[in-house]
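Input: a single structure, listed below in structure tokens.
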Amino acid sequence: MPKTQVLIVSKGHAYNHDAFLSMFAEDEDIETTLVEQPAAQVLLRPENVAQYDAVLFYDMSGIPNIGLLHDGANDTGVPPADYVKSMEALLEAGKGIVLLNHGTVSWPDWPLWREIHGSSFMLSAGEVFGDSVQGSGYRGGHGPHPNPTFTLTPVDSNHPVTAGLEKGFTVADEIYIKSPNFEAGVTPLMRSDYEYVAGNFTPPPLAPPEEQENWDHPTGSNLVVWANAARNSPVVASDIGDSPEAYENEGFRKLLKNALLWVASSDAKKWAAAQ
């Protein structure tokens, strides 16, 4: 049986390449191709991406005014017209998508990207899904605090993405606090037992200094993994997936493999088209 072909898009955020790619090195079901931005935008054109069954976004792109010039946006946060066209075609075709960690932070000013990932994560205070919210905090990752340890438990143990994870798994990794108002628009898959209160998180680092000093996020959502339908494309998004501690975790590896195989499946495409 042919392997599921996955295109991995990266750049814009530091990560351990060898540890990340080791998750797929000997996989019997998945074959990966890694491409960095902005070259990824060429491979994501319809005539090139057709050979892949799913796309895993692991880049942090489109953040305006911080000097990241890898995404073709020239530090404006506005995606190139060619990239917009390619992503719209990808969604129309129903290509499967998985986003990990900082992949949901990308392109905060591009409405289509939020439509894809469905997260309420905000780099600074503003409006999301009709509500005024605080900027989202984080804990662990590349910040001043070590990765917290928490347990993820499936919301629906019968979903293909959580298959084999019925008892959940414990992992140490970066985690986010974000408004719970996004939950109404997605399908919950896994929740965390971490306490989502402002005192357990670091203020949003890209928010203005005054906002950081006075930051006090309301109790946040504990939904860490969810499915979303972006037009015809089935999507799985995960807040975790930042560090070797996650890459080496058997539960996370199972979650990621399940997610990639599911979004590439005909069942997932039928599900997305019906939403």
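Tabulated data for the structure shown
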{"item": "Segment 4-274 - Debye-derived log10 I(q)/I(0), Cα point model, q = 0.14 Å⁻¹", "result": "-0.96"}
{"item": "Residue order, fewest to most surrounding Cβ atoms within 10 angstrom, among 157, 243", "result": "157, 243"}
{"item": "Lysine pairs in the chain with Cα atoms under 15 Å, if 8 or more residues apart or on separate chains", "result": "5"}
{"item": "222 nm mean residue ellipticity, helices alone, for the chain (DSSP H n ≥ 4; -39,500 (n - 2.57); rounded to 500)", "result": "-6000 deg cm²/dmol"}
{"item": "Cβ-based exposure ranking for 53, 75, in which fewest neighbours within 10 Å come first", "result": "75, 53"}
{"item": "Taking 17, 117, 159 and counting other C-beta atoms within 10 Å, the order from fewest to most", "result": "17, 159, 117"}
{"item": "Nearest-0.05 FRET efficiency for residue 74 and residue 216, computed from C-beta distance (R0 41 Å)", "result": "0.75"}
{"item": "Ratio of Rg to Rh over segment 1-121 (Cα coordinates, Kirkwood Rh, two decimals)", "result": "0.95"}
{"item": "Packing-based order for 139-152, 225-238, using average beta carbon neighbours within 10 Å, highest first", "result": "225-238, 139-152"}
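Rule-based calculations on the coordinates, nothing more; no lab input. Worth saying up front: this structure is predicted, and the values here are computed from it rather than measured. With ideal geometry, Cβ positions are generated from the backbone for all residues, glycine too; neighbour counts draw on all protein chains shown.
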